[in-house]
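The values are calculated or read from the model by the stated rules, or taken from the named source; none is laboratory data. Keep in mind the model is a prediction, meaning the values are calculated, not measured. So basically every Cβ, Gly included, is an ideal-geometry build from the backbone, and we count neighbours across all protein chains shown. To get the accessible areas, we keep the full protein, side chains included, count just its heavy atoms, and leave off ligands, DNA and RNA. Shrake-Rupley method; radii C 1.70, N 1.55, O 1.52, S 1.80 Å.
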Amino acid sequence: MKKNNNYRWVKHIIKEVSELEDGKTEVIQYVVIGRQDLRFDLFLVSPYTDFILNLPHNKTTTQIAYANVVVPFLNYVYEHPDFEIDKLTVQDGIDFLNSLNVTPYTKHLYSCRLEAFYIYLQDKGIISFNKHFPLFKGKYKNIVKGSKKEVIHNLKAEYIPLFINTAVEVVPEIALGVYLQCFGGLRISEVSAIEYENISLKCDSAGIRTMVINLKDKDLRPDTEYGFIAKSKKNRKQEIIPAFGDLLCTLYEVHKGKYKQETTDAVFIDEKGLPMTNYTYANKFAKLKRAFIQKLKEAEDFEAQAYAMYLKSYKWKTHICRGIFSNQVANATNNIGEIALWRGDSSMTSALTYLNNKEEVGKDVENILDELYKGGYSLWQ
């Protein structure tokens, strides 16, 4: 099969900035796909963009997820210079899925998104096939070649204090963010989009100060194209569980005193004083990861040393903090509705019944953590 080297299918993230009546700016993000002519560096938007822009639950992150399937698929089928889209077959999709070296779960997600693209093409009258759904399930191979690392989604509870303390020591500029992720379940895009006006402190029924963050879709860096896709998967008010005594408020006050800028209301800023992008935050978290593993390797305890080797052999990034949070909540309740409520998951129907128990579950998590670490490792030095 001869490859056409004159163009490639690519995606672009478009940002439109408009000024509102109150003087603030509004940033609208959306994704387009098209053909990039490599000879003249020209980009032509494709009608396939219509599929991306009309997805259900059409957030920018959803558009990117589908574009990340459609674009490589188009590059795959258009490798043959004589290919035309009306010649597309289900077997083309199966062959594409078989060519991917990804985990079975990722391949399943790809197959679902690719099926949606096929249905779109049929609804537009571009292709025709018998609607025997699912189109691809059970028809492709789940084989991961090479030494692809598995992903872990949680840390052992006894090492969480060291993890937080390492963040304070090594990357103090995101230590508060790491805490918010571990004990509030925030995603990286939600953390990097927090402004001080979104944060409120309150006292619970026991008189302990805690934090509530109003999470909203926003883009604090309209000057960047790819570095800041800040989207809350579900706009919500997220309560942060005040683990380890007054550490949350201490971290917040120290962070605010050290990093708050007059030029921006963003909580997390970079070295230039600008709102921190997801990319910058992720790089700082990678630094935390390396330092944390090194501390475990240097510990006198053999189990800690063995755990360091375990963590080094697996893949994990910022999303592990959300896993830490989910597991702590799961330890305090067996009710899936309560877990979904605390995590801010979109499917909330079954969780609404348990709103009255939300504070009780949060208090159980707090008590479990405080009891586990009572008299243990110093969290603030």
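With respect to L97, determine if the residue is modelled with pLDDT of 85 or more, open to solvent by less than 60 Å² (accessible area, probe 1.4 Å), hydrophobic (A, V, I, L, M, F, W, C) and farther than 30 Å from Y310 by Cβ. So L97 passes the test. Against the test of being within 26 Å of N327 (Cβ to Cβ) and at pLDDT 90 or above, the options I199, I152 yield a single qualifying residue, I199. Here D86 passes the criteria (1) open to solvent by less than 90 Å² (accessible area, probe 1.4 Å); (2) part of a helix (DSSP H, G or I); (3) within 16 Å of L121 (Cα to Cα) except the one numbered (1).
Restricting F51, F83 to residues that are of a type outside the set (S, T, Y), in contact (Cβ under 8 Å) with a residue 40 or more places away in the chain and more than 27 Å from R221 (Cβ to Cβ) narrows the list to F51.
All conditions but one from (1) free of Cβ contacts under 8 Å to residues at least 40 places away in the same chain; (2) in contact with a helix residue (DSSP H, G or I) (Cβ under 7 Å, 6 or more places away or on another chain) apply to Q36; the one that does not is (2). The set of residues from the range 1-26 being more than 24 Å from the chain's Cα centre (by Cα), free of Cβ contacts under 8 Å to residues at least 40 places away in the same chain, surrounded by fewer than 18 Cβ atoms within 10 Å (Cβ to Cβ) and under 30 Å from A116 (Cβ atoms) comprises N5, N6.
Does Q29 meet the test of being polar (S, T, N, Q), open to solvent by less than 70 Å² (accessible area, probe 1.4 Å) and touching a Phe, Trp or Tyr at 6+ places or on another chain (Cβ under 7 Å)? Judged against the criteria, Q29 is not a match. Residues that are touching a Gly at 6+ places or on another chain (Cβ under 7 Å), in a strand (DSSP E or B) and not β-branched (V, I, T) within the range 8-66 comprise F43, L44, listed in sequence order.
Checking each residue in the range 103-141 for being farther than 14 Å from L74 by Cβ, among the hydrophobic types (A, V, I, L, M, F, W, C) and surrounded by fewer than 18 Cβ atoms within 10 Å (Cβ to Cβ) picks out L109, C112, A116, I119, F129, F133.
If you go through the range 89-103 and keep only what is touching a residue at least 40 places away in the same chain (Cβ under 8 Å) and in a helix (DSSP H, G or I), you end up with V90, G93, I94, L97, N98. Checked against (1) touching a residue at least 60 places away in the same chain (Cβ under 8 Å); (2) open to solvent by less than 10 Å² (accessible area, probe 1.4 Å); (3) among the β-branched types (V, I, T), T61 passes all but a single condition, namely (2). Counting only helices (runs of 4 or more DSSP H) wholly contained in the range 210-319, the ones carrying 3 or more residues that are more than 17 Å from F183 (Cβ to Cβ) and either open to solvent by less than 60 Å² (accessible area, probe 1.4 Å) or among the polar types (S, T, N, Q) (or both) occupy 278-298, 302-313.
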